[in-house]
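Every number here is computed from the coordinates shown, using simple stated rules; none is lab data. Since this is a predicted model, take the numbers as computed values, not measurements. So basically every Cβ, Gly included, is an ideal-geometry build from the backbone, and we count neighbours across all protein chains shown.
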Amino acid sequence: MVALSARAAPIDGVEVGPASWPTAHTGRLAGLDEEVGLHEGIIHGSLPLTFAAAPGAGDHEVKLDVTYQACSDALCLPPSTIELTLPVTEVALVDRTLPTEPKSG
């Protein structure tokens, strides 16, 4: 059994946090003696990105590998990984200001 996971390729100026998924419920699958974590239906997760680049650094592409294993009550398919490329477009700071660093003192 392979757990649901997501991994982003390193990007200069971007810190990638850990993926967050809904809590799996436990259940049994045919042929397994132990309970396993299961998700059903459509799963929504998140992957936090923190951009450290200064304004004007331009657009980015986040390359993401999502690994999963689909199962029914009777059988499990082999684990699969899908590769996604997600565009992140820089937005101009029109009528907005960047947060300032707190002054130490």
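Footprinting exposure proxy ranking of 44, 39, 60, 25, fewest other C-beta atoms within 10 angstrom first, gives 44, 25, 39, 60. Placing +1 on the Cβ of every Lys and Arg and -1 on the Cβ of every Asp and Glu, with no other charges, gives region 5-88 a dipole of roughly 80 debye about its Cα centre. Sparse packing (at most 14 other Cβ atoms within 10 Å of the Cβ) combined with a DSSP loop state is found for the following trypsin sites (Lys or Arg not before Pro) in region 1-65: 28.
Our coupling estimate for region 46-51, obtained by passing each phi through the Karplus curve with A = 6.51, B = -1.76, C = 1.60 and θ = phi - 60°, is 9, 9, x, 10, 10, 8 Hz, Gly and Pro reported as x.
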